[in-house]
Amino acid sequence: MPDVPPAEVVPVPAPAPGPLKEPATTRPAAPRTIVVTGASAGIGRATAERFGRRGDRVALIARGEDGLRGAAEAVERAGGTALVLPCDVADFDAVDQAADRAEAELGPIDVWVNVAFTSVFAPFTKITPAEFKRVTEVTYLGYVYGTMAALQRMTPRDRGTIVQVGSALGYRAIPLQSAYCGAKHAVNGFTESVRCELLHDHSNVKITIVQMPAVNTPQFSWVRSRLPRQPQPVPPIYEPEVAAEGVVFAAEHPDRKEYWVGGSTAATIFAQKFAAPLLDRYLGKTGYDSQQTDQREPASRADNLWQPLDQAPGSDHGANGEFDEKSRSHSGHTALSEATETAGAVVTRAFGSLITTARSGTARRRQR
C-alpha cells in the first residue's frame with residue numbers, strides 16, 4: 001500500500017464532554033441543498049437528520065418508501081426541509097432523474113453524500129455471481145453514479161462538495177464479506193482518481209471520504225446471510241449518530257482527502273499498512289466467529305438484496321440497529337478540528353485498544 005500523506009489523514013480524538021468548538025448542530029449562514037443516498041436507515045438516516053438540525057434542505061434517496069417517510073419526518077422535526085426520492089442507486093438514469101428533481105424542488109445541490117450499500121454475509125464460494133454483481137452495483141457503482149450526477153451539476157457552477165461514506169474494510173478486507181470489501185476498496189480507488197482530476201482542473205468542487213468503523217445499523221437485521229448464526233458488526237461498535245457527525249463535519253471541511261471515525265478505524269488502517277500478513281492469519285482464525293452472535297439464523301429470514309424491507313407501511317427500521325447495548329455513542333478518535341494530539345499518539349493508543357479488544361474476544365471464546 002502506498003504511503004498516505006499525514007497531512008491528508010487525521011485520526012484525532014473527540015473533545016472532552018461538552019459543546020464542541022464548532023458543533024455539528026450549528027446552523028450555516030443559509031440553508032443548503034443536501035442529497036443523501038441510503039437515507040432510509042442507518043448512517044444515511046442519521047446523517048440526513050443531522051443536516052436537518054442545521055436547517056438544510058435534504059433530498060432523501062433510497063428504495064424503501066416507508067423508511068424514507070420516516071426519515072423525512074425526522075428531518076422536518078429537526079428543523080430542515082425534506083424531499084423523498086425513491087430510487088435504486090444501481091440505476092444511473094434513476095439517480096440522474098432524482099438529482100434533477102432535487103434541484104428543481106430544493107435548489108442547486110451544495111452537498112452530495114453517498115451512503116447506500118448492500119452486502120452478502122457468506123464465504124466467497126457460497127455467493128452466486130448475481131449476488132456478487134448486485135452488491136458491486138449498489139455499493140460501488142451506486143457511489144460512481146451518485147458522484148457522476150453530482151459532478152454534472154456542480155462542475156459548471158464550480159462549487160459543491162461530495163462526501164463518500166467509506167469503511168475501514170476499504171483498507172483491510174475481512175472474511176465473509178468479499179463483495180462488500182471489494183466494493184469499498186473500489187470506492188477508495190475511484191475517489192482518489194476523481195480528486196486528482198479536480199485538483200488538476202483547479203476546481204472548487206471538493207470530494208472527500210469518511211472511513212467508518214463498525215456501526216450499529218439495521219443492515220444486520222436485513223442483510224442476506226448464509227451464516228449459521230445471526231450476523232453482527234465486529235466490536236467496537238458505534239452508533240449511527242457518531243458516523244453522521246463525522247459526515248457533516250467532513251462536508252463542512254472538505255479540503256482534506258479523508259477522515260477516520262473511531263479508534264478501531266485508525267488501528268485497522270495502520271495495522272494493515274505494517275502487519276498485513278499477520279492480520280490475514282488473525283482474521284482467518286477469528287473473523288468468522290466475531291461476525292456472528294450466539295443466536296441461530298432463521299432459515300426463512302427475508303433480506304433486502306433485491307427488494308427493500310422498509311417499503312410497506314409500518315416497516316420503517318429507523319437509523320439504529322439491534323446492538324444499542326454494545327454500541328458507543330461517541331468516538332475517542334473522531335476527525336474533528338479541535339484535535340491536539342498527534343496522529344502518531346492516537347494510532348499508538350488506538351492500536352493498543354484493538355489488541356486489548358482482540359485478546360478479550362479470544363478469552364471469551366475459550367470460556368465457551
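Values quoted throughout were computed directly from the atomic coordinates according to the rules given, and no laboratory measurement underlies them. From a predicted model like this one, the values you see are computed outputs, not experimental measurements. A quick note on method: Cβ atoms are made from the backbone with ideal geometry, for glycine too, and the neighbour counts reach across all protein chains shown.
Cross-link pairs exceeding 23 Å between alpha carbons, from the set 133/257; 184/206; 133/285; 126/273; 206/273; 184/273: 133/257; 133/285; 126/273; 206/273.
If the segment from residue 100 to residue 307 were pulled out straight at 0.36 nm per residue, it would be longer than the present Cα-Cα gap by 72.1 nm.
Projecting label points 7 angstrom from Cα along Cα→Cβ for residue 299 and residue 278 puts them 4.4 nm apart.
Normalised by the number of residues in segment 229-297, the average gap of Cα pairs under 8 Å and 6 or more apart makes the relative contact order 69 percent.
In plain terms, the residue of 255, 96 with the fewest other Cβ atoms within 10 Å comes first and the most crowded comes last, giving 255, 96. Charge dipole (Cα centre; +1 on Lys/Arg Cβ, -1 on Asp/Glu Cβ; no other charges) of segment 156-201 amounts to roughly 180 debye. Going from the residue with the fewest nearby Cβ atoms within 10 Å to the one with the most, 249, 323 rank 323, 249. Label zone of residue 155 (point 7 Å out along Cα→Cβ, amide N under 11 Å): in segment 197-234 this covers 197-198, 201. The alpha carbon gyration tensor of segment 18-173 gives principal lengths a ≥ b ≥ c with a/c of 1.5 or higher and a/b greater than b/c, which makes the shape prolate. Could you put 181, 196, 87 in order, starting from the residue whose Cβ has the fewest other Cβ atoms within 10 Å? Result, fewest neighbours first: 196, 181, 87. In a DSSP loop and with at most 15 other Cβ atoms within 10 Å, the trypsin sites (Lys or Arg not before Pro) in segment 173-247 are 226.
Which ³J(HN,Hα) values, rounded to whole Hz and listed in residue order, are derived for segment 165-180 from phi using the Karplus coefficients 6.51, -1.76 and 1.60 in 6.51 cos²θ - 1.76 cosθ + 1.60 with θ = phi - 60°, glycine and proline given as x? Per-residue couplings from phi come out as 8, x, 7, 4, 6, x, 9, 10, 6, 10, x, 6, 9, 4, 5, 5 Hz. Close amide-amide hydrogen proximity is noted between residue 59 and 34, 35, 36, 83, each under 5 Å apart and 5 or more residues distant or on a separate chain (H modeled in the peptide plane; Pro and chain starts excluded).
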